[in-house]
Amino acid sequence: MTDVLSAPKFGPRAITYPHPINHDWYDWPTFSDAEFERRHALVRGFMAEHDLDCLLVAGAAHLWDRGWANVRWITNYMGTMELDSFVIFPADGEPTLAILGLNARLPDRVTRSIFPDVRGALNTRTILVDRLDELGLHRGRVGIVNPTPYLSVSRDHWAALTGTYPEIEFAEFSDEFWKMRLVLSDEEVACLEEAARIGDATQVAVMEQLRPGMTEHDLFRIIYSTIASERGEIPCMVLAGSESMSSPTSGFQRPRPIGRTITPDDVLLMEVGARDPHGYEAQTGKAMVFSEPPPDYADLLDVMLEAYHRIVAELKPGCTAKELRAAGSIINERGYTIVAPLVHGVFNPIDAGPFVGTSHRPDKDVVLEPNMALCVEIHPCTTDIIKGVFMGDTYVITADGARNINHRLEPKVYELG
């Protein structure tokens, strides 16, 4: 094996926790043995379909930790501060989890993984190379599942793998892998339902607590504190903002509050990706105003509701991106633009599908089946993105339609008064 990793130095090639661990001390959320057996059978089937001797599944903290989705789905591990991480899943032999060196020294972190072979390094390329050597994989075909559909693994990882193993064919995958996961188990749907309950609680809390004279920081405080009090996972995606309907400055919600005071003239923009303790995310956000909207905002809200109900009416087995895009076309027909997708998937890496309706990226088409889940988010804006409104909920496809799991609040415009 050629050593292509001698410089620069990244510390030890691998760190492992050397002491006994009492797993009963750490009450991390997990799934049943049967659920993980189901998932690993899917992985092995994927490997057989693509003639793979080993699969390297990448993950990291992309976009509110969604880049962890594939790693978490296989191992139950949820990292912190990782520059990179991989699941090394051989066709023959035991899987290995490669993570940040610090986390490999911490027993509570290590116990999150259902796989006992957990190794850490500042840069996990050494672990990948060494584990392939241990498995005797010096030739053959090894798959790499990229962390997200539009990002590949880093150059130094790729150079280490291809430079050390010139006789291995490395094949990259992305869409093929997340499509395998789209039909959810009953345990996964239960997680989504809990996430939806937490998200609904944030919307109720905003309705009950936020008033003119408070600030955007109060808006974020209410949302985050509700997620924590409802035992949701933090961090998670919170996009929120307030805009004057008479003098707006942005039609899109923000990831961080600005120093703005809520006024009686405001519309609220909220897109909350609440997560249950297992990391499953159900997005929601209800349209809220503090006074009767002026005609321009009334029209935006009207087209938002119309597009929402048209798209929901299409959600059923057999539905494709074509039908969903057509249902949302009323937004463009009424003179507005679409910034966010009309429909996107859940608990997948960023930009995984189904992903339908934006003007700045291609659709990722999926033929809907029962127990698939997706978020409907309707976000019409003026073409300059100065005025906009938002409403969204998460749906699970049923045998003959779809079920809104964000069912605590009716999908309508709420006037807080």
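The values are calculated or read from the model by the stated rules, or taken from the named source; none is laboratory data. Treat the numbers as computed from the prediction; the structure is a model and nothing was measured. For neighbour counting, all protein chains shown are included, and Cβ atoms are generated from backbone atoms with ideal geometry for every residue, glycine included.
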Taking first residues from region 89-115 that are over 14 Å from Tyr77 (Cβ atoms) and second residues anywhere that are β-branched (Val, Ile, Thr) and crowded, with 19+ Cβ neighbours inside 10 Å, the pairs with Cβ under 7 Å that are 6 or more apart or on different chains are Gly101/Ile15; Arg105/Ile15
Being in contact with a Phe, Trp or Tyr (Cβ under 7 Å, 6 or more places away or on another chain) and free of Cβ contacts under 8 Å to residues at least 12 places away in the same chain: is that true of Thr162 here?
yes
Quiz prompt | Flag if Ile331 is over 16 Å from Val389 (Cα atoms), crowded, with 21+ Cβ neighbours inside 10 Å and in contact with a helix residue (DSSP H, G or I) (Cβ under 6 Å, 6 or more places away or on another chain) | solution = no
Tell me yes or no: at least one residue of region 33-53 is assigned to a loop (DSSP other than H, G, I, E, B), of a type in the set (Gly, Ala, Ser) and either outside the structural domain of Gly345 (by TED's automatic domain parsing) or surrounded by 14 or more Cβ atoms within 10 Å (Cβ to Cβ) (or both).
no
Among the residues that make up region 160-171, is at least one of them modelled with pLDDT under 95 and farther than 27 Å from Pro411 by Cβ? no
> Quick check: is even one residue across region 258-266 farther than 26 Å from Ala201 by Cα and either modelled with pLDDT of 95 or more or crowded, with 19+ Cβ neighbours inside 10 Å (or both)?
Replying inline: no
Check your understanding: Quick one: would you say Ile311 is surrounded by 15 or more Cβ atoms within 10 Å (Cβ to Cβ), over 26 Å from Val189 (Cα atoms), of a type outside the set (Gly, Ala, Ser) and more than 19 Å from the chain's Cα centre (by Cα)?
Key -> no
Checked Asp33, Asp27, Asp65, Asp51 against criteria (charged (D, E, K, R) and over 22 Å from Val189 (Cα atoms)); the one match is Asp51
Of the residues in region 29-75, those that are among the charged types (D, E, K, R) and in contact with a Leu (Cβ under 8 Å, 6 or more places away or on another chain) number 1
Log entry, pairs with first residue in region 180-207 being under 30 Å from Asp365 (Cβ atoms), second being of a type in the set (Phe, Trp, Tyr) and crowded, with 16+ Cβ neighbours inside 10 Å, beta carbons closer than 6 Å, six or more apart or on different chains, reads Met180/Phe46; Glu187/Phe31; Cys191/Tyr280; Leu192/Tyr280; Ala195/Tyr280
All-but-one check, Ala340 against (1) surrounded by fewer than 22 Cβ atoms within 10 Å (Cβ to Cβ); (2) more than 22 Å from Asp65 (Cα to Cα), failing number (2)
